[in-house]
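Just so it is clear, none of the values below were taken in a lab; they were calculated from the coordinates. The structure presented is a predicted model; accordingly, all values stated were derived computationally and were not measured. Methodologically, a virtual Cβ is constructed for each residue, glycine included, from the backbone with ideal geometry; neighbour enumeration extends over all protein chains shown.
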């Protein structure tokens with residue numbers, strides 16, 4: 001069975017927040033975010049969704065150097081983290097987390113790299129405090145190129161190797177859409193064994209080595225330990241026209257202009273035919289099972305719609321998904 | 001007690017969208033705890049499906065005399081922790097539920113709302129999840145519900161028509177709980193109005209209790225009207241006419257000041 005998942009925001013029901021978004025002045029707290037997460041788990045249960053990416057901001061400002069008053073949230077919430085983890089395990093839900101774009105482990109600036117390191121450790125500890133198994137991973141990109149692709153890749157490797165074991169064991173690496181390809185990620189894997197989360201759209205956008213889809217997917221899937229189901233990201237490129245609204249201060253009018261979408265942008269929904277083709281490639285090649293995180297703007301709505309579309313267009317495949 | 005001040009801004013979120021949990025306050029002792037110690041408790045076993053919120057508002061029951069049957073106060077939520085009753089109320093360490101787990105909702109100072117939000121029909125309410133915007137603009141309890149698009153539309157139409165119906169009435173039959181979107185309590189009977197089939201952005205999608213089937217409602221003495229989203233969208237006036245007719249056939253609406261002994265209400 002393949003678990004379909006969606007990231008962070010819930011759109012299918014009004015007012016279901018992913019985390020405490022209040023500014024630091026208003027004292028946001030992990031305990032409030034965990035209450036939101038508890039509510040989301042109730043929603044996932046009702047929709048029979050068993051894969052979800054939690055917000056990386058679950059514990060607000062937890063690693064922000066200017067706000068030490070927020071640094072103790074995980075310790076203050078051990079009981080609540082364990083309770084949420086118990087719900088997650090009872091429902092058979094897989095959780096993952098994807099730290100924000102500012103978390104760049106291979107940044108040449110020592111301070112930035114150290115912040116990224118602290119963030120990865122923090123995310124791994126949250127998953128640990130929930131008592132989740134090794135399938136709950138922290139997914140990262142290699143990072144920036146900074147003018148020297150090879151050196152940047154090396155720097156990621158060094159930084160990742162210096163992470164404490166608890167964080168390294170949770171880390172997974174994802175190919176991105178214009179800097180570090182599947183082959184680059186494999187290079188890292190061969191040196192330190194990080195599992196690779198294959199991203200379908202990124203692979204389509206950035207594949208300088210010209211790898212075949214089945215080859216790239218297969219080589220990522222085998223990087224996962226036998227007892228851990230690999231995770232794969234799937235999305236379709238946006239094809240709809242982008243409408244940009246600009247407020248003209250002089251006239252007070254709103255001006256609209258349009259432009260073509262970029263192929264790297266994510267669509268609102270999943271192209272069901274591309275998705276079925278993708279799964280058939282994997283199944284025809286006899287590849288191992290994996291879970292699919294749908295990185296689409298319509299989030300859970302897209303997941304529910306994909307289920308409906310598969311039931312219509314590919315009913316036998318739909319039976320293999322949950 | 002402070003007067004209302006709107007400073008709960010959230011990063012990237014309009015403050016009016018801040019989630020609010022309305023919870024029942026049925027004891028003056030608990031109200032004193034909320035005022036003086038800044039916390040409120042909910043048993044884990046009976047916690048609402050929507051617990052996460054940034055503001056807690058209190059629906060005070062008849063135990064509060066003139067302030068009863070209304071929401072008068074709210075407070076920002078600071079923390080939500082799991083605590084056993086014996087630690088919450090150490091002076092009651094021998095209580096039969098001393099080992100039970102509770103959500104301890106720690107709050108800031110209570111603030112008086114700009115105006116009370118009364119329940120017209122003196123409903124028994126346990127929890128209502130809503131938003132700050134709704135809390136600050138609601139004229140009565142029924143305004144607080146966050147419904148699907150068509151449900152909201154129908155509610156606005158009922159208000160304009162001065163039809164005093166109740167929203168989100170839960171009907172418990174044995175082990176089952178059914179949801180009635182709107183209930184009209186009439187002199188000779190009851191009318192249930194259902195907005196069938198919520199849209200993709202609505203509260204449908206399996207979140208709510210199963211809507212009651214016609215025969216189940218009929219067996220419980222309800223006259224039923226069911227409107228599709230398309231009917232509400234394209235023929236709202238016809239929908240209203242049907243409701244008016246049904247209410248008239250049941251002898252007209254009961255006086256809203258009469259307590260209806262409605263079942264406790266909780267919703268998403």
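Structural remarks
- When each of A:21, A:239, B:177, B:126 is scored by the number of other beta-carbon atoms lying within 10 Å, the sequence from fewest to most is A:239, B:177, B:126, A:21.
- The mean of 1/r over all pairs of different alpha-carbon atoms in region A:75-185, once inverted, gives a Kirkwood hydrodynamic radius of 14.8 Å.
- Only DSSP H runs of four or more residues enter the estimate; each adds -39500 (n - 2.57), and after division by the residues of the protein assembly as shown the mean residue ellipticity at 222 nm equals -9500 deg cm²/dmol.
- R0 of 51 Å, Cβ-Cβ distance residue A:148-residue A:87: FRET efficiency to nearest 0.05: 0.65
- Per residue, the convex hull spanned by the Cα atoms of region A:19-76 amounts to 80 cubic angstrom.
- The Cα trace of region A:230-320 gives Rg and Dmax of 17.9, 62 Å, the first to one decimal, the second as a whole number.
- Spacing of the two label points (7 Å from each Cα toward its C-beta) at residue B:66 and residue A:250, in nm: 6.1 nm
- Overall dimensions of region A:1-153, expressed as equivalent-ellipsoid semi-axes from the Cα gyration tensor (√(5λ), whole Å, largest first), are 27, 20, 14.
- Counted over all Cα-Cα pairs of region A:76-139, pairs farther apart than 18 Å make up 43 percent.
- Whole-number percent relative contact order across region A:98-254, with pairs defined as alpha carbons under 8 Å at least 6 apart: 18 percent
- Relative intensity of region B:93-179 on a log10 scale, I(q)/I(0) at q = 0.13, 0.15, 0.20 Å⁻¹, equals -0.63, -0.79, -1.11, per a Debye sum over C-alpha point scatterers of equal strength in the absence of solvent.
- Cβ-based exposure ranking for A:77, B:35, in which fewest neighbours within 10 Å come first: B:35, A:77
- Average 1/r across all pairs of distinct alpha carbons in region A:160-200, invert it, and you get the Kirkwood radius: 10.6 Å.
- Pairwise Cα inverse-distance average, inverted: Kirkwood Rh of region A:189-233 (Å): 11.1 Å
- Zone of residue A:76's modelled label, taken as backbone nitrogen in region B:34-56 under 19 Å from a point 7 Å along Cα→Cβ: B:37-42, B:52-56
- The largest-to-smallest principal axis extents of the Cα set in region B:35-149 are 43, 33, 25 Å.
- Residue exposure sequence - A:18, A:316 - by fewest surrounding Cβ within 10 Å: A:316, A:18
- Volume of the convex hull of region B:58-110 (Cα atoms only), normalised per residue: 108 Å³.
- Region B:25-55 and region B:136-185: distance between their alpha carbon centers, rounded to Å: 24 Å
- Unit Cα scatterers, Debye sum, the protein assembly as shown: log10 I(q)/I(0) for q = 0.05, 0.06, 0.12 Å⁻¹: -0.25, -0.37, -1.28
- Cα-Cα pairs of chain A separated by more than 38 Å (percent): 14 percent
- Region A:138-181: translational diffusion in µm²/s, Stokes-Einstein, Kirkwood Rh over Cα pairs, 20 °C, 1.002 mPa s: 195 µm²/s
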